[in-house]
Amino acid sequence: MERRDFVLLSLFCAGLFGLGMLSGGELAWSEAVVPQTARMMLGDGDWMIPKRGHAPWLEGAPLAQWLTASVWSLFGGEGRIWPLRLPSLLYSLGTVLLTATLATRWFGRVCGLL
């Protein structure tokens, strides 16, 4: 892939995924789990074991909570939705670019861009 392909895909993803981030709608219950556990991490200082309520929440690796807590502490997530959705936008952008790169190597540029 060429540099302009990365730029085009990044702009497309930012537009597509960024609309949900900037819409300001409330978080769905499934979307709110990671910010809740990230807020607990920031509150109690335990960055190793995510907690929901005060019980351990071990349904996945804590990377999402770490990144959400980091963005929360940088930009402040209290009362604002976009800092809580920013890590998901970055994950999705990385996934799209990685998939496009692999598809380009295996099947050609056109398939990678599609």
So for the chain, taking the charge dipole from beta-carbon charges (+1 Lys/Arg, -1 Asp/Glu), which of A64, G43, V33 sits furthest toward the positive end?
A64
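Taking the Cα centre as origin and putting +1 on Lys and Arg beta-carbons and -1 on Asp and Glu beta-carbons, what dipole magnitude results for segment 39-91, to the nearest 20 debye? All intermediate terms of the calculation are to be shown ahead of the outcome.
On the way: 5 positive and 4 negative charges, 31 e Å.
Dipole size: approximately 160 debye.
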What does the convex hull of the alpha-carbon atoms of the chain project to on average, in nm²?
8.3 nm²
So which trypsin sites (Lys or Arg not before Pro) in segment 18-98 end up in coil per DSSP with only 14 or fewer other C-beta atoms within 10 Å?
R80
Under a 1.4 Å probe, what is the accessible area of the chain per residue, stated in Å²?
66 Å²
Where does helix 29-44 land angle-wise versus the long Cα axis of the chain, in degrees 0 to 90, nearest 10?
60 degrees
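Computing the accessible area with a 1.4 Å probe over protein heavy atoms, can you report the carbon and sulfur percentage for the chain? Mind dumping the intermediate values first?
On the way: 5080 of 7470 Å².
C and S atoms contribute 68 percent here.
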For helix 3-22, report the angle its Cα long axis makes with the longest principal axis of the Cα atoms of the chain; keep it between 0 and 90° and round to the nearest 10°.
40 degrees
Against the longest alpha carbon principal axis of the chain, how many degrees, from 0 to 90 and to the nearest 10, is the axis of helix 63-75 turned?
80 degrees
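The values are calculated or read from the model by the stated rules, or taken from the named source; none is laboratory data. Predicted model only: the values in this text are computed from it and were never measured. When we count neighbours, we look across all protein chains shown, and the Cβ atoms used for this are built from the backbone with ideal geometry, even at glycine. Heads up: the accessible areas ignore ligands, DNA and RNA and are worked out on the full protein's heavy atoms, side chains in. Shrake-Rupley method; radii C 1.70, N 1.55, O 1.52, S 1.80 Å.
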